[in-house]
Amino acid sequence: MTRETLSLIRHQAFIDGVWSDSHHKKTFSIYNPATGDDIVQVPDMDAADTRRAVDSAHKAFTGWKALTGKERSAHIYKWHQLIVEHAEELAALVSLEQGKPMSESRAEVQVGADYALWAAEEAKRIYGDYIPAHKSNARIIVTKEPAGVVGAITPWNFPSSMVTRKVPMALAAGCTVVLKPAEDTPLSALALAALAEESGLPAGVFNVVTASGDSAPEVGSVLTGDSRVRKISFTGSTEVGRQLLAQSAPDIKKMSLELGGNAPFIIFDSADIDAAVQGLIACKLRNAGQTCVCANRIFVQSSIYDTVIENFNHSMGQLKIGAATDIGTDIGPLVNIQGVEKVESFIQDALAHGAQVKAGGNRHALGGNFFELTILSDMNDDMQCFSHEIFGPVAAFYRFENEQEAVDKANKTDYGLAAYVYSQDQAQIWRVMDGLDYGMIAVNEPMLTTELAPFGGVKHSGIGREGSKYGINEFTEVKYRLLGNC
Ligand code: NAP
């Protein structure tokens, strides 16, 4: 996998069906996080460029909305087919710009393609309602209308599937989109736009505006401030989500916010310990711990606490850290040096509050953005790791004595995205599921993302859902039609 083999690399943004530079010609670099090499420069777009993209999406909306669901389905299906045909190249691009190993990038592209296929299928099934009326000569009909132009903003940790989780759903509902991908990882979004273009998607229906971190607020201000944009779909940190919500308030926009998490991973003494440890390896270390749903606080019942840590350490020791291009790599680097520094400071804070390092704890000998797989034990509620996302390969273990304590500690956070429970006691499973304040709960399973289910959180983890019938509703508005005297 080299830069030269990637024919889908684009170095321009995509507005109104045309590959475009920023009007002032500024660019910024995209780096390979494993090597620090500069891959390509892309346009650093500003408010004027973003307004141009909104003009284009607004202009395209009337025509796109007028298509039948079946016609929109056919367009999205063609795009999906091209995504599948180019899956290997799209995966290579994810690994190149984001650093995760190819096995994970392939899985990401596959999940993204599944969302696109689901959206293509669902475009034909955005049903309304016929409601028995309040008068004998009246009829009540409810239809679902496209929300309008969507401003979509995505993060760097899943540069491909975060795009395919939003854009095909929005298009299925009849919306048009202006997407701003993350500064670190815009290449996957541009590659998806290239495939959308090849599929014959009409100009202006899907636009991609690239911007550096410095320009992101300017782009965000246009998307939230322009009244032609009727819906914001954001995935990223709670801090930025809160800001976009406030900026959108004057215009009362429809919002979907997929924000940060602080997932508890609870292992009861009734659990199958081997299954729990293998589940924890996948849940904690996937994407080097840089996922919103990864286990952030691992609660283990006292009687099995030492055994779980020992077994986890043994399994973790089998994993190989390296560049995505190295054969056999299981865990890649962190996305940038800020991520490394954040992990270091969390470990220092935990040690200062009484934690012990059972494995790792330092920057990896490979240098750059690589970090050792780390185990911290004797964790408590006063540590930063308890209240904030670690976003790195650090497994932080907390001890609990009984079920109520586990549930109370799991809920002791402002976040409410994903929670994991390992237990073989059916009554306990139901009690704990009922007690957890989370948008998603996985029992004896470490992975819960599927296009078939509603993904999303409560409290500071966000508003709205992606995937399933719940996800598509986020891009529609209900219109009630009363027909009198008929
Ligand atoms: P982030 O800093 O909030 O950035 C997310 C996106 O927002 C990026 O495209 C970023 O652009 C952009 N942005 C930043 N400031 C902005 C502003 N003022 N106006 C408009 N856009 C702005 O988050 P991140 O570090 O990329 O991603 C990690 C976070 O995402 C974690 O908290 C993680 O839990 C969360 N996440 C949540 C989900 C979910 O489904 N709930 C999924 C994945 C990730 P730049 O990159 O240019 O700064």
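The values are calculated or read from the model by the stated rules, or taken from the named source; none is laboratory data. None of the values given here were measured: they were computed from a predicted structure. As a convention, Cβ positions derive from the backbone with ideal geometry for all residues, glycine included, and neighbour counts pool all protein chains shown.
Details
- Scope the range 142-185; condition closer than 19 Å to residue 31 by Cα, of a type outside the set (Phe, Trp, Tyr) and in contact with an Asp or Glu (Cβ under 8 Å, 6 or more places away or on another chain); matching residues: 159, 160, 184, 185
- Residues of the range 443-473 that are under 22 Å from residue 129 (Cα atoms) and either away from the ligand (no atom under 14 Å from the Cβ) or assigned to a helix (DSSP H, G or I) (or both): 468, 469, 470, 471, 472, 473.
- Whichever residue in the range 177-192 is away from the ligand (no atom under 12 Å from the Cβ) and within 15 Å of residue 95 (Cβ to Cβ) and, among such residues, is nearest to the chain's Cα centre (by Cα): 188
- Odd one out for residue 114 among (1) under 16 Å from the mean Cα position of the chain (by Cα); (2) charged (D, E, K, R); (3) within 14 Å of the ligand (Cβ to nearest atom): (3)
- Sole exception among (1) surrounded by 13 or more Cβ atoms within 10 Å (Cβ to Cβ); (2) of a type outside the set (Lys, Arg); (3) out of contact with any Gly (no Cβ under 6 Å at 6 or more places or on another chain) for residue 338, by number: (1)
- The range 1-59 - residue that is among the polar types (S, T, N, Q) and at pLDDT 95 or above and, of those, surrounded by the most Cβ atoms within 10 Å (Cβ to Cβ): 50
- Qualifying helices (runs of 4 or more DSSP H) (wholly inside the range 28-130; at least 2 residues being in contact with a strand residue (DSSP E or B) (Cβ under 8 Å, 6 or more places away or on another chain)): 47-66, 87-98
- Hits in the range 206-229 - residues which are surrounded by fewer than 24 Cβ atoms within 10 Å (Cβ to Cβ) and away from the ligand (no atom under 15 Å from the Cβ): 227, 228
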